[in-house]
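Q: The structure under discussion is supplied below as structure tokens; questions concerning it will follow.
The values are calculated or read from the model by the stated rules, or taken from the named source; none is laboratory data. These numbers were taken from a predicted model, which means no experiment stands behind them. Reconstructed Cβ throughout: ideal geometry from the backbone, glycine too, with neighbour counts over all protein chains shown. In case anyone asks, the SASA skips ligands and DNA or RNA and just uses the protein heavy atoms, side chains included. Shrake-Rupley method; radii C 1.70, N 1.55, O 1.52, S 1.80 Å.
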Amino acid sequence: MEKAEYTVANKSDDTVVCYSPTMITTNGVWQGDNPLDYSLPLFILQLTLVVVTTRLLVFILKPLRQPRVVSEILGGVLLGPSVLGRSVNFANTLFPLRSVMVLETMANIGLLYFLFLVGVEMDLSVIRRTGKKALAIAISGMILPFVIGICFSFILHGNEAEPLAHATYILFLGVALSVTAFPVLARILAELKLINSEIGKLAMSSALINDMCAWILLALAIALAENDSTSLASLWVVLSSATFVVICILVVRPAISWMIRRTPEGESFNEFYICLILTGVMISGFITDAIGTHSVFGAFVFGLIIPNGPLGVTLIEKLEDFVSGLLLPLFFAISGLKTDVASIREGQTWGILAVVIVLSCAGKIAGTVLVTTFYHMPLSEGFTLGLLMNTKGLIEMIVLNVGKDQQVLDDESFAIMVIIAVVMTGIISPIVATIYKPARRFVPYKRRTIQRSKPDGELRVLVCVHGPRNVPTIINLLEASNPTKKSPICVYVLHLVELTGRASAMLIVHNTRGSGRPALNRTQAQSDHIIHAFENFEQNSSFVSIQPLTAISPYSSMHEDICGLAEDKRVALIIIPFHKQQTVDGGMEATNPAFRTVNQNLLANAPCSVGILVDRGLSGSTRLAANEVAHHVAVLFFGGPDDREALAYGWRMCENTGTSLTVLRFVASDESLASTTELPPHIHDQDDPRILTAETDGVQEKRFDEEYLNEFRTKSAENELVVYAEQVVNNGEETVAVIRSLDSGHDLFIVGRGQGMSSPVTTGLTDWSECPELGAIGDILASSDFASTVSVLVIQQYVGLMPHETAAIPDSPPGQPDDKPANRWTPQASGTATPVF
């Protein structure tokens with residue numbers, strides 16, 4: 001048997017743990033072996049237990065808006081000596097002392113590669129371009145908690161310690177209290193919908209600077225902790241670390257740049273290069289560990305020197321999910337396993353713990369408020385910013401673990417600091433969500449629809465894009481929307497990005513990098529591609545202005561971002577892609593089921609008209625001769641506010657000299673009208689006032705339809721490119737037959753969603769609807785068995801409270817009830833929408 005010593009902090013005697021070099025893999029239970037006596041099966045079980053526990057806690061704490069780091073640390077505490085580990089059988093069976101070396105080694109490998117990724121994702125040029133305000137907030141937010149840490153070090157550490165040991169203790173305690181976790185903060189800001197706000201951008205910039213300062217202090221603290229015998233050794237450690245950084249910048253970075261230049265643009269990197277870089281991470285970790293700094297410092301610096309661009313994207317994609325999803329929780333779990341709450345024995349210590357939490361939190365808030373007051377920011381914003389800067393995470397846990405390994409922190413101090421980290425990070429989201437309500441300047445506006453928009457005024461459109469595939473058709477649709485000098489189009493392009501646990505997805509928001517700089521990750525590369533395409537469209541078109549934006553949210557609440565932006569920018573129409581896309585054989589397949597949820601939520605909550613675009617390609621207009629037509633648009637008119645909105649959009653398009661418009665109105669025959677005069681199925685009482693309301697609405701809507709169609713026909717009479725036709729049908733079957741017989745030469749069908757409108761011409765069509773959110777006609781046009789070359793735009797008009805109260809007046813006065821957004825539809829359990837009578 002080989003022997004290895006495992007030293008337990010603050011115990012006078014060393015614990016001797018025996019390792020058997022042959023007991024790695026088991027011969028199997030049928031040979032009488034217990035798998036838990038062997039290191040590999042035991043490690044696999046431990047890893048599974050840690051991942052399952054932390055994921056379960058993430059799920060449980062999600063309603064409380066807790067970041068993942070809190071769940072991961074609590075998972076470790078739960079498995080450790082504080083809770084389950086109090087059972088001797090549990091501790092000895094699943095987490096015996098002999099397994100600690102393997103567990104910690106794997107955790108540190110995970111940490112090594114995670115810090116490498118953090119370095120790859122971090123853009124140092126952001127710090128150079130950061131304003132004085134963010135710099136002042138970062139520094140002032142570090143100084144006061146550091147001072148508080150110095151004061152409490154005398155209480156926690158005692159006065160009898162050696163001066164150098166006490167100085168190291170102060171440094172560790174100060175860094176742990178004053179640091180702000182950038183990745184955790186980014187996640188919290190995104191979940192609170194503050195990431196695009198001014199306060200969010202300021203918090204991100206300050207946290208980035210704070211992170212860099214913390215790394216420098218951490219390197220210094222480790223140098224002092226590992227060489228407490230003589231200060232000269234510490235000096236050598238600092239100088240060696242500085243030399244390592246210089247060599248990385250002057251030698252390694254040019255070598256990596258050479259690799260990038262050797263790879264043709266658009267091609268994947270040679271596996272040999274990727275392997276070389278991943279090996280370089282371990283070599284850097286080995287060198288910095290050998291010279292006396294922690295191995296993670298070398299990995300982080302190595303990540304920093306990787307140039308931003310496609311190489312960074314490739315490395316992140318290959319590593320991030322495995323490292324941050326599987327190996328990193330091990331590191332947090334190890335921190336929890338080392339935390340023994342029972343070691344905090346005295347009631348006085350618990351009192352000190354509470355005071356440290358309050359004062360260190362108050363120190364950051366006070367430091368931040370001082371700076372924000374100097375810059376004339378509101379007190380509430382300064383207080384919120386101070387709270388956000390208290391976010392703890394990875395760097396603090398590294399500081400504490402190194403401190404405990406070097407015996408700078410004893411069990412009690414370590415447990416206190418871990419509890420402080422969890423409590424401070426855990427309370428931020430709920431408190432900020434409760435106290436900070438951003439002052440959103442909702443300006444009531446009447447131009448919530450295309451029908452109401454002034455013919456000689458600006459048309460504001462919010463375009464939502466999931467990825468580059470959506471871009472060409474949307475650009476061609478906007479081009480066909482007839483931007484003119486009298487009526488220009490202002491387009492807000494919103495790139496929809498799902499909020500995940502990945503840090504790389506967050507960095508797209510911190511969009512302060514200069515134009516022409518390479519993207520940090522695939523999300524940002526996609527966003528750049530989308531923005532570039534729309535900016536090209538703006539440059540090549542007249543009377544179109546483009547404003548690119550990004551929304552990072554969970555899909556479940558993404559519609560809130562879209563609706564909020566539409567309200568803020570006072571847009572008349574939101575265009576969002578359908579959740580299915582066309583396949584090579586002409587069929588339709590779902591890209592992401594979550595896109596459908598976003599669309600359904602948007603239809604139910606939008607403060608303006610909404611258009612869902614079924615993308616089957618829309619040919620772009622080229623420079624045409626005077627007698628040629630670029631787009632052939634067909635509007636199918638059945639009646640109701642949605643169809644009037646569809647006609648309004650088609651009408652705008654046909655004013656473009658390159659667009660022909662066919663308006664086909666479906667009219668119910670007399671026989672079908674006579675047979676379908678029954679009431680809605682949920683209304684039976686003849687005295688019910690809703691009967692009169694429903695009947696009145698129907699009469700009103702028909703009158704509005706006639707007035708609007710007559711106006712359209714009168715004003716378009718001289719336009720040779722406009723064709724108006726009426727088709728009498730008896731039922732839904734005949735309607736479908738007419739639609740199928742339409743000329744396939746059209747590029748685009750525009751139809752109303754038609755919710756709330758019952759008509760004999762659509763009878764029975766909803767019985768087999770695949771996508772009710774498109775309405776009966778939209779669903780038929782979007783189905784796989786329909787014409788595969790025609791794109792479809794399904795429009796829902798915003799009509800305020802009740803159709804007869806608002807929709808009739810093209811230019812309602814300021815007192816009209818339409819000033820406040822209200823929803824026509826009440827979502828049902830099935831996901832469909834029903835009219836409110």
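Okay, residues lined up against (1) crowded, with 23+ Cβ neighbours inside 10 Å; (2) part of a loop (DSSP other than H, G, I, E, B); (3) touching a helix residue (DSSP H, G or I) at 6+ places or on another chain (Cβ under 9 Å); (4) modelled with pLDDT under 80:
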| residue | (1), (2), (3), (4) |
| --- | --- |
| Val102 | no, no, yes, no |
| Gly110 | no, no, yes, no |
| Phe114 | yes, no, yes, no |
| Val120 | yes, no, yes, no |
| Ala161 | no, yes, yes, yes |
| Thr168 | yes, no, yes, yes |
| Thr180 | yes, yes, yes, no |
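Q: So for the range 83-90 (the condition being assigned to a helix (DSSP H, G or I), in contact with a helix residue (DSSP H, G or I) (Cβ under 7 Å, 6 or more places away or on another chain), without any contact (Cβ under 8 Å) to a residue 24 or more places away in the chain and aliphatic (A, V, I, L, M)), does at least one residue qualify?
A: Yes, the range 83-90 contains a residue that is assigned to a helix (DSSP H, G or I), in contact with a helix residue (DSSP H, G or I) (Cβ under 7 Å, 6 or more places away or on another chain), without any contact (Cβ under 8 Å) to a residue 24 or more places away in the chain and aliphatic (A, V, I, L, M).
Table: residues versus (1) part of a helix (DSSP H, G or I); (2) out of contact with any Leu (no Cβ under 9 Å at 6 or more places or on another chain).
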position: Ile199; (1), (2): yes, no
position: Ser206; (1), (2): yes, no
position: Met212; (1), (2): yes, no
position: Trp215; (1), (2): yes, yes
position: Leu224; (1), (2): yes, no
position: Leu235; (1), (2): yes, yes
position: Ser257; (1), (2): yes, yes
position: Phe269; (1), (2): no, no
position: Tyr273; (1), (2): yes, no
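Q: While we're here: For the range 220-239, name all the residues that are at pLDDT 80 or above and either within 13 Å of Val301 (Cα to Cα) or touching a Ser or Thr at 6+ places or on another chain (Cβ under 8 Å) (or both).
A: Passing the criteria: only Val237.
Q: Right, Leu304: surrounded by fewer than 24 Cβ atoms within 10 Å (Cβ to Cβ), touching a helix residue (DSSP H, G or I) at 6+ places or on another chain (Cβ under 6 Å) and farther than 23 Å from Pro183 by Cα or not?
A: Answer is no for this residue.
Q: Same structure, new question: Being at pLDDT 85 or above and crowded, with 19+ Cβ neighbours inside 10 Å is the filter; apply it to the range 516-532 and report the residue that is farthest from Thr314 (Cα to Cα).
A: Ile531
Q: Also, I was wondering about something else. Given the condition open to solvent by 60 Å² or more (accessible area, probe 1.4 Å) and under 34 Å from the mean Cα position of the chain (by Cα), answer yes or no: does some residue in the range 224-244 qualify?
A: no
Q: Looking at the range 468-504 only, could you name the residues that are open to solvent by 10 Å² or more (accessible area, probe 1.4 Å), closer than 30 Å to Pro67 by Cα and either modelled with pLDDT of 90 or more or out of contact with any Ser or Thr (no Cβ under 8 Å at 6 or more places or on another chain) (or both)?
A: Passing the criteria: only Thr500.
Q: Separate question: Could you run through the range 392-416 and say how many residues are open to solvent by 10 Å² or more (accessible area, probe 1.4 Å) and among the β-branched types (Val, Ile, Thr)?
A: Residues flagged as open to solvent by 10 Å² or more (accessible area, probe 1.4 Å) and among the β-branched types (Val, Ile, Thr) within the range 392-416 amount to 2.
Q: Answer yes or no as to whether Ala290 is part of a helix (DSSP H, G or I) and open to solvent by less than 10 Å² (accessible area, probe 1.4 Å).
A: No.
Q: Looking at Ser295, is it touching an Asp or Glu at 6+ places or on another chain (Cβ under 7 Å) and open to solvent by 10 Å² or more (accessible area, probe 1.4 Å)?
A: yes
Q: Can you work out which of the residues in the range 565-576 that are in contact with a strand residue (DSSP E or B) (Cβ under 9 Å, 6 or more places away or on another chain) and open to solvent by 10 Å² or more (accessible area, probe 1.4 Å) is nearest to Ala190 (Cα to Cα)?
A: Leu565
Q: Only residues that are β-branched (Val, Ile, Thr) and under 14 Å from the mean Cα position of the chain (by Cα): list them for the range 171-216, please.
A: Val184, Ile188, Ile195, listed by residue number.
Q: Of Ile395, Ile416, Ile420, Ile428, which residue is touching a residue at least 12 places away in the same chain (Cβ under 8 Å) and under 17 Å from Leu328 (Cα atoms)?
A: None of the others qualify; the one that does is Ile395.
Q: Could you list, in sequence order, the residues of the range 21-63 that are part of a loop (DSSP other than H, G, I, E, B), surrounded by 12 or more Cβ atoms within 10 Å (Cβ to Cβ) and out of contact with any Pro (no Cβ under 8 Å at 6 or more places or on another chain)?
A: Once the filter is applied, which keeps residues that are part of a loop (DSSP other than H, G, I, E, B), surrounded by 12 or more Cβ atoms within 10 Å (Cβ to Cβ) and out of contact with any Pro (no Cβ under 8 Å at 6 or more places or on another chain), the range 21-63 yields Met23, Ile24, Asp33, Tyr38.
Q: Only one residue in Gly292, Gly298 is out of contact with any Leu (no Cβ under 6 Å at 6 or more places or on another chain) and on the phi > 0 side of the Ramachandran plot, so which one is that?
A: Answer to the check: Gly292.
Q: Could you please find all residues in the range 268-294 being at pLDDT 90 or above and under 21 Å from Leu235 (Cβ atoms)?
A: Answer for the range 268-294, where residues must be at pLDDT 90 or above and under 21 Å from Leu235 (Cβ atoms): Ile287, Thr288, Asp289, Ala290.
Q: Also: Here are some conditions: (1) open to solvent by 20 Å² or more (accessible area, probe 1.4 Å); (2) closer than 18 Å to Asn401 by Cα; (3) at pLDDT 80 or above. His157 meets all but one. Which one does it not meet?
A: Failed condition: (3).
Q: Within the range 577-591, which residues are touching a residue at least 24 places away in the same chain (Cβ under 8 Å) and either loosely packed, with under 15 Cβ neighbours inside 10 Å or part of a strand (DSSP E or B) (or both)?
A: Pro577, Lys580, Gln581, Gln582, Gly586, Gly587, Met588
Q: Condition (residue is modelled with pLDDT under 85 and polar (S, T, N, Q)) applied to the range 697-710: is it met by at least one residue?
A: There is at least one residue in the range 697-710 that is modelled with pLDDT under 85 and polar (S, T, N, Q).
Q: Another question, then. When the residues of the range 326-353 are narrowed to those that are assigned to a helix (DSSP H, G or I) and without any contact (Cβ under 8 Å) to a residue 40 or more places away in the chain, which ends up least open to solvent (accessible area, probe 1.4 Å)?
A: Result: Gly351.
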